[in-house]
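Undergrad: Below: one structure in structure tokens.
What follows draws every value from the coordinates through simple rules; no lab data is involved. None of the values given here were measured: they were computed from a predicted structure. Cβ sites come from the backbone with ideal geometry, for glycine too, and all protein chains shown count toward neighbours.
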Amino acid sequence: MVERFSDKEEVHGSIPCPSTVCYLYILKSFKDGKLYVGVAKNFQKRLRQHNLGLVRSTKSRRPLALIYTEKFSTLSEARKKEWELKCTPWGGKLKKKLANRWSLGPPKADRDGGQQS
């Protein structure tokens with residue numbers, strides 16, 4: 001089961017190692033609705049880079065929203081999951097499932113800068 005990003009995170013792998021923690025993240029373009037999958041140690045910083053146009057593959061697809069993160073204890077585990085999402089039929093289905101959850105845009109708290117109404 002896949003859940004949207006929250007403060008609660010699950011660590012994958014046998015032995016968590018904070019110095020090498022990596023995140024798999026999925027971004028959705030509000031411009032064209034397409035998804036982007038990536039890996040980073042600091043996904044919040046990476047999201048800023050994407051939205052500032054500093055990443056060639058997403059520069060023309062801004063603005064982007066973070067729709068999913070998953071924490072891994074090693075870079076190799078995160079890259080393996082990234083490959084699965086990008087290169088396998090079931091990974092493509094998972095990405096589509098996540099996109100459908102966001103078809104109406106981000107939750108109200110996200111649109112209002114974290115303010116609930």
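Undergrad: Residue separation times 0.36 nm, minus the C-alpha to C-alpha distance between K45 and D32: what's the value?
TA: 2.4 nm
Undergrad: Using the beta-carbon distance between T20 and K97 and R0 = 35 Å, what value does 1/(1 + (r/R0)^6) give for FRET efficiency, to the nearest 0.05?
TA: 0.75
Undergrad: Still on this structure, please answer the following. Ordered by residue, what ³J(HN,Hα) values in Hz, to whole numbers, does the range 30-41 give under the Karplus form 6.51 cos²θ - 1.76 cosθ + 1.60, where θ = phi - 60° and Gly and Pro are x?
TA: The phi angles translate into 6, 6, 10, x, 7, 9, 10, 10, x, 10, 7, 6 Hz.
Undergrad: Given the Cα atoms of the range 11-103, and with Rh set as the inverse mean 1/r over their pairs in the Kirkwood sense, what is Rg to Rh to two decimals?
TA: Rounded to two decimals, Rg/Rh equals 0.97.
Undergrad: Still on this structure, please answer the following. So who's got an amide H within less than 5 Å of the one on K41, skipping anything under 5 residues away but keeping other chains? H placed 1.01 Å off N, in plane.
TA: Sorted by chain and number, the residues that satisfy this are Y23.
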